[in-house]
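Note sheet for the following structure.
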Amino acid sequence: MNQGIKNPIVKIIFLGILLLWSVSVIYPLIWTLLDSLKDNQQFFFNKPWALPNFPLLWENYSYVWEKYHFDKYFVNSLVVTGGATLLGLLLAAMTAYVLARFKFKGSGIIYGLYISSMMVPFILALIPLFFLLNSMHLTNTKIGLILVYTSSVLAFGIFVLVGFFKGLPKELEEAANIDGAGYYGTFFRVMLPLSQPGLIAVGIINVLNIWNEYIVGTVLVSDPEQYTLPIEIGVMQAEMQYRTEWGPLFAALMFTIVPVLILYIIFQRQIASGITAGAVK
């Protein structure tokens, strides 16, 4: 594998598969962008995949931002995604550190429970979760969404970070203890900074999952003031049964796609290296 693929036929097949996969991923993004620059007449009288006419309707973006109050929903998504990601990283890192560096009775069982929870679809817990949050008066609140999303990404973070902490030298902990750092000082000053690649990888993946989440948010939030971007886009799509505005709808989709796409492009190497290192250590 280190020497690469030498057989030219296999290489051509491999490159062809990668090309088809790239087209299947990139084409919907380009198609969404082009359709966000059209008016309704172009949708009705031209082919759906035709290029937009000039001048391009960049006004669709300002129209969506102002009329549908996307500035408010964008902030809601930022608060919920950022809060759940940071809280999930902190809890996952602390739990993973204890499970990786301290041996105590039942630690293997606890770790197994976390990992096994990844095999259970989160949607199965949606109904009891709704009644639980409702009894705690946390439905229709950002705090409720943050807590739910944090719990949904916790197991994955523990799985990746346990591998990181197991691979760190024990001499670092011993040196920190000699200096009087204590457990908390050792964790926050020594071990946590060294696990930065894993934290970045887990954090970006959590952001992608939470930012685009729709089903849980729809069930737990009915107040329009607390909508996140995916929920509002679902409302817009439902309104299209009575009022057709396809260009603005695709512009709204671009508001949700572009931020996470930029984030992924910036940190794609850290994601790949972080997940790989955490899995093999």
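The values are calculated or read from the model by the stated rules, or taken from the named source; none is laboratory data. As the structure is a computational prediction, the values presented were derived from the model and not from experiment. All Cβ positions, glycine included, derive from the backbone under ideal geometry; neighbour counts span all protein chains shown. Calculation scope for accessible area: heavy atoms of the full protein, side chains included, ligands and nucleic acids excluded. Shrake-Rupley method; radii C 1.70, N 1.55, O 1.52, S 1.80 Å.
Here are some notes:
- Across the alpha-carbon set of the stretch 52-102, the Rg to Rh ratio works out to 1.42, Rh being the Kirkwood radius.
- Taking the accessible area of the stretch 126-234, probe 1.4 Å, and keeping the other protein chains in place, the carbon and sulfur fraction comes to 65%.
- Spin-label model distance (nm) - residue 59 vs residue 24, 7 Å beyond Cα toward Cβ: 4.0 nm
- Shown for the stretch 17-98: the carbon plus sulfur share of the solvent-accessible area, taken with all protein chains present and a 1.4 angstrom probe, equals 77%.
- Its Cα centre serving as origin, the chain has a Cβ charge dipole (Lys and Arg +1, Asp and Glu -1) of approximately 1060 debye.
- Prolate/oblate/rounded label for the chain (Cα gyration tensor, a/c 1.5): oblate
- Rolling a 1.4 Å probe over the protein heavy atoms gives the chain an accessible area of 59 Å² per residue.
- Counting only the Cα atoms, the stretch 185-254 fills a convex hull of 128 Å³ per residue.
- The chain, relative contact order in percent, only Cα pairs under 8 angstrom and at least six apart counted: 30 percent
- As an equivalent ellipsoid, the stretch 73-173 spans semi-axes of 29, 17, 11 angstrom, where each value is the square root of five times an eigenvalue of the C-alpha gyration tensor, largest first.
- Ellipsoid semi-axes in whole angstrom, largest first, where each is sqrt(5λ) of the Cα gyration tensor of the stretch 24-108: 48, 18, 8
- Gyration tensor verdict on the stretch 112-154 (Cα atoms; rounded if a/c is under 1.5, prolate if a/b is larger than b/c, oblate otherwise): prolate
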